[in-house]
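S.K.: After the structure tokens below, expect a handful of questions from me.
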Amino acid sequence: MKLNFSIKKFVKKFSADSPIPRAIDKNKEALFDEKQKKSEIRYRRLFESAKDGILILDFETGNITDANPFIVKIIDLPLEEILGKRLWEIGLFSNMEESELAFSELKKNGYIRFEDMPIQRRNGKITEVEFISNVYLENNTKVIQCNIRDITDRKNAEKALKESEQSLKKQNIDYLKLNKEYLELNEELTESLKRIKNINSELIIAKARAEESDKLKSTFLANISHEIRTPMNAIMGFSGFLSEPGLSHDKLEDYVQIINASSQQLLSVISDILDIASIEAGQITIDSELVDINKLMNELFVTYKNLVELKKIDLRYSSDRPNDLILVKTDGNRIRQVLCNLLNNAIKFTKEGNIEFGYKIIENFIEFYVKDTGIGILPENHEIIFQRFRKAGSEGQVYGGNGLGLSISKALVQKLGGIITVDSELGTGSTFNFVIPYRKEKENNVSSVLTDRTNRVINWNKKTILIVEDEIYNHAYIEELLSTTKVKMVHAWDGREAVEQVTKQADISLVLMDIKMPVMDGWEATRLIKQIRPKLPVIAQTAYALGESKSQALEAGFDNYISKPIIKDTFLELIGDYLN
Ligand code: ADP
């Protein structure tokens, strides 16, 4: 209807300007009216069916003059409640100020647009709309048309898209995090797999070692059994013959010699077992004293010369400086033990030929060697023969032995601060060397080792020895050893009795103290005796036990130490030092 005016105006303007004949004018006017009607109907149809809400406002007042059906749907108000109202009154702006502000801007600029504007519906729900408003001229009158598009779906879609983008982003972050964790886990797994593999191969090696050590121990037990039973057989057998009636003196001497030799053999097996146990327990002890090397070597030469007499072996001894006094601060017994092991092996593995042993001084070291022309050792066995229970090859079994000598020797040499090596070829013989530190000793240290103890006349008839010993046979043996010395002997069966005897009997000149005894042991008894008579010499006598050494005994207050089995000459020499 309003559009009608503007078209009329346009037609009027056109008619005034053109000189058209009246009849034609009338026809044209009718034609225009027709067209205008049609266009108005078309506009109305568009207005009614539009999928946007349309509001027409009065330019001056801002009152709503027309509204299409779709706006009714959007803002959910009946048409009669919309017409004549202002925008804010139908919920298009949240308050009057906002609405008026927008209205005055629209009037000023002729156009206003809000991309998304929330409108409050009657039911309280918020609908998002796009608000576009323009000013038009209608029959020279300004009118305002507001197009309101419901963008809820678009907004929802946008929101959903945003959410899905965010969720994708989050998923991506989660995935990256997961991937990082996975990579770390993978690294850890690879690492632990590596560790497991290492443990596995260590276990395989340990298992092989355990099996090997098991096998070695079984072989060792079989060997040990043989090594113990063989001398035991001789000792028991020949001891039985000793009591046979009518036994000739020659036979008696032979039997005694066999019993002595077998006892020595048995003792050396037992010492080896104890030594290896000490080494394994980390308790091997080393004493430090001045050792006259030439004397020690000469004694060994005499002993071994006798031993090889019956074999086709030429034993030679070579001294670097035979006429000098070579004194070394070391453990003489341990050096002797290593050399005996090497010499025993040389004799065992050499059927005929020669064995040479000796020493050389090379600057700050003294090198001992034992060289033989025996069966020799394959190079691949040079290392393993120093391991416990190990023998070089099948020929080792034939020769007997417990496979401990070299491993003990190696441990002892190491304890003495040196090393032991072998140079050998199968069939041509072997040379074992060991070096220990050597430091020239001052002359005033020498006197103590030079005392010649041999050929002493023993007469101790003015002396009294207290023998502290709980074993009746050992007591009897010591009495027998001392019987030729005319010494007076008193006896105590345990440590407490010994302390009582020392308190009672002032003439006791020396105490021979066993260590392991019931009631009170030798350590405690000696401690108490030294409180009563500090100057009374007390000599420890003990069966060789783990962890006991001469230095320990001296530290504990003993004046000296002798180990069982007690050898007569050594024993008398030692006691003589205190009684003479
Ligand atoms: P055992 O002699 O009691 O078997 P050892 O530890 O002293 O134990 O020696 C280990 C092995 O080394 C011997 O079984 C032997 O195979 C080899 N061996 C040692 N000394 C010699 C040597 N002088 N000649 C040849 N083989 C030797």
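The values are calculated or read from the model by the stated rules, or taken from the named source; none is laboratory data. Since the model is a prediction, treat every value here as computed from it, not as a measurement. Positions of Cβ are backbone-derived with ideal geometry, glycine not excepted, and every protein chain shown enters the neighbour counts.
S.K.: Give the residues of the range 356-370 that are more than 9 Å from the ligand (Cβ to nearest atom) and buried (at least 21 other Cβ atoms within 10 Å of the Cβ), sorted by residue number.
M.R.: If we filter the range 356-370 for residues that are more than 9 Å from the ligand (Cβ to nearest atom), which is where we start, we get 356-369.
Scanning the range 356-370 gives Phe357, Tyr359, Ile366, Phe368.
S.K.: Is it the case that Ile375 is near the ligand (Cβ under 9 Å from one of its atoms) and surrounded by 14 or more Cβ atoms within 10 Å (Cβ to Cβ)?
M.R.: Details: near the ligand (Cβ under 9 Å from one of its atoms): yes; surrounded by 14 or more Cβ atoms within 10 Å (Cβ to Cβ): yes.
Judged against the criteria, Ile375 is a match.
S.K.: Hey, any hits in the range 402-417 for a residue that's closer than 28 Å to Lys215 by Cβ, at pLDDT below 90 and not aliphatic (A, V, I, L, M)?
M.R.: yes
S.K.: Give Gln171, Gln166 a once-over and let me know the one that is surrounded by 11 or more Cβ atoms within 10 Å (Cβ to Cβ) and either over 30 Å from Ile82 (Cβ atoms) or not assigned by TED's automatic domain parsing to the domain that holds Ile82 (or both). Talk me through it step by step, then tell me what you get.
M.R.: Values: Gln166 fails: surrounded by 11 or more Cβ atoms within 10 Å (Cβ to Cβ).
That would be Gln171, the only listed residue that is surrounded by 11 or more Cβ atoms within 10 Å (Cβ to Cβ) and either over 30 Å from Ile82 (Cβ atoms) or not assigned by TED's automatic domain parsing to the domain that holds Ile82 (or both).
S.K.: Next question, about the same structure. Name every residue in the range 273-288 that is on the phi < 0 side of the Ramachandran plot, in a loop (DSSP other than H, G, I, E, B) and not hydroxyl-bearing (Ser, Thr, Tyr), in order of residue number.
M.R.: Residues satisfying the conditions are Ala281, Gln283, Ile284, Ile286, Asp287.
S.K.: Could you tell me which of the residues Lys125, Lys108 is exposed (fewer than 12 other Cβ atoms within 10 Å of the Cβ) and over 18 Å from Asn63 (Cα atoms)?
M.R.: Among Lys125, Lys108, only Lys125 is exposed (fewer than 12 other Cβ atoms within 10 Å of the Cβ) and over 18 Å from Asn63 (Cα atoms).
S.K.: Right, here's the next one. Tell me the residue from Thr330, Thr350 that is within 11 Å of the ligand (Cβ to nearest atom) and crowded, with 20+ Cβ neighbours inside 10 Å, please.
M.R.: Sole residue among the options that is within 11 Å of the ligand (Cβ to nearest atom) and crowded, with 20+ Cβ neighbours inside 10 Å: Thr350.
S.K.: As an exercise: evaluate Leu92 against (1) surrounded by 15 or more Cβ atoms within 10 Å (Cβ to Cβ); (2) at pLDDT below 90; (3) in a helix (DSSP H, G or I) and give the number of the one condition it does not meet.
M.R.: Tallying (1) surrounded by 15 or more Cβ atoms within 10 Å (Cβ to Cβ); (2) at pLDDT below 90; (3) in a helix (DSSP H, G or I), Leu92 fails exactly one: (3).
S.K.: Kindly indicate whether Leu106 is assigned to a helix (DSSP H, G or I) and closer than 25 Å to Leu46 by Cβ.
M.R.: Taking the combined requirement at face value, the residue satisfies it.
S.K.: OK, next. Taking the criterion of being modelled with pLDDT under 80, polar (S, T, N, Q) and more than 16 Å from the ligand (Cβ to nearest atom), would at least one residue in the range 454-472 satisfy it?
M.R.: yes
S.K.: Sticking with this structure for a sec: Residue check: is Val338 more than 8 Å from the ligand (Cβ to nearest atom), closer than 16 Å to Thr431 by Cα and at pLDDT 90 or above?
M.R.: Criteria met by Val338.
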